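Written below as structure tokens is the structure these notes are about.
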Amino acid sequence: MKNMLFPLLLLCICFAACKKSADLPAGDPQTEYDNAKKVLAYIHDLGFPSDKIVENANEFIVEEDIIFPKNMQVPDAKVKTEQFYTGSLVSSGNVTNIRLMVDASMTSMLSEINSAIAQWNGVANCSINWTVVTSGTYDVLITNSNLGSGVCGQGTFPSGGRAGNTIRINKAQIAGNSFAQRARTICHEMGHNVSFRHTNWSAIGESSATPVPGVGGTDASSIMNGGQCGSGATVLSTKDKQAASALYP
Ligand SMILES: [Zn+2]
């Protein structure tokens with residue numbers, strides 16, 4: 001009996017440490033299926049075309065770089081209809097301390113990660129604040145992942161008032177890029193995790209996006225332009241910063 005209890009306890013600790021409160025608890029298959037259907041409807045509501053949605057076992061991948069976990073909490077309120085966002089924000093209590101766990105597979109790019117963090121944390125009049133944690137509770141895990149040729153990284157939109165819980169970086173893909181471009185990829189994905197969509201959403205085939213109040217239109221300098229792996233803006237544009245402070249004052 002004593003021997004049985006110890007592994008069980010370890011298992012519980014692991015589950016407690018790994019679970020994100022924004023996710024729904026693992027339920028019966030029907031509940032999980034129903035929630036996945038809601039997530040898919042949400043993706044369509046956001047204006048992403050069907051041919052840009054790829055279904056995997058536990059998530060949908062949209063436009064190759066945005067992750068929608070099938071167990072994510074879909075916002076109740078209908079998304080309002082440029083800098084653009086999902087309509088679902090990180091709560092004011094959570095955005096001031098977004099704890100980023102750097103997986104061991106990404107520690108070789110810690111300098112790039114810190115550079116990206118400095119950009120978001122440096123926006124004036126904006127409450128977004130990322131911190132790197134190496135143990136304990138975290139909000140977002142950044143990890144290396146083989147995403148296939150041409151895909152630099154993937155971010156996750158916020159859910160349940162929390163930052164999206166996953167960032168995947170295709171280290172093999174970006175290794176040959178400049179430091180600034182490697183940091184750009186990370187900075188861009190972090191933007192998705194706090195709700196930013198692609199500023200150039202219309203040009204790349206999406207049907208609608210929610211403009212950040214007062215900050216609309218296209219912006220060639222936006223770090224949140226999509227499809228610019230290895231070639232896009234390397235610093236947050238003036239409008240990116242305006243949008244960040246408008247959403248998270
Ligand atoms: Zn993107």
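The values are calculated or read from the model by the stated rules, or taken from the named source; none is laboratory data. Predicted model only: the values in this text are computed from it and were never measured. Cβ sites come from the backbone with ideal geometry, for glycine too, and all protein chains shown count toward neighbours. Areas reflect the complete protein model, heavy atoms only, side chains present, ligands, DNA and RNA absent. Shrake-Rupley method; radii C 1.70, N 1.55, O 1.52, S 1.80 Å.
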Fill in the blank from the handout: Rounded to the nearest 500, the 222 nm mean residue ellipticity computed for the chain from DSSP H runs (n ≥ 4, each -39500 (n - 2.57)) alone is -9500 deg cm²/dmol
Handout entry: In range of the label at SER135: residues from region 164-205 whose backbone nitrogen is under 11 Å from the point 7 Å along Cα→Cβ
Key = none
Practice task
Give me the percent of the accessible area of the chain that comes from carbon and sulfur atoms, probe 1.4 Å, all protein chains in place.
Solution key: 57 percent
Exercise for the section: Once you have the Kirkwood Rh of region 88-132 from its Cα pairs, apply Stokes-Einstein at 25 °C and 0.890 mPa s and quote D in µm²/s. Expected result: 216 µm²/s
Exercise for the section: Taking every Cα atom in the chain, find the radius of gyration and the maximum pairwise distance Dmax, and write them in Å. Expected result: 17.9, 65
Problem - Accessible area in square angstrom per residue, region 156-249, 1.4 angstrom probe - result: 34 Å²
Handout entry: Student exercise, the chain dipole from Lys, Arg, Asp, Glu Cβ charges, in Debye to nearest 20
Key = 500 debye
Practice task
Tally the DSSP beta bridges in region 29-247 and give the antiparallel ones as a percent, rounded to 5.
Solution key: 50 percent
Practice task
For region 31-135, report the accessible area per residue in Å² (1.4 Å probe, heavy atoms, rounded to an integer).
Solution key: 48 Å²
Fill in the blank from the handout: For LYS52 and ALA124, extending 7 Å from Cα along the Cα-Cβ vector and measuring point to point gives, in nm, a value of 3.3 nm
Practice task
Give the Cα extents of region 149-249 along the principal axes, in whole Å, largest first.
Solution key: 38, 30, 26
Completion exercise
For 230-243, 27-40, 135-148, ranked highest to lowest by mean beta-carbon neighbours within 10 Å, the order is 230-243, 135-148, 27-40
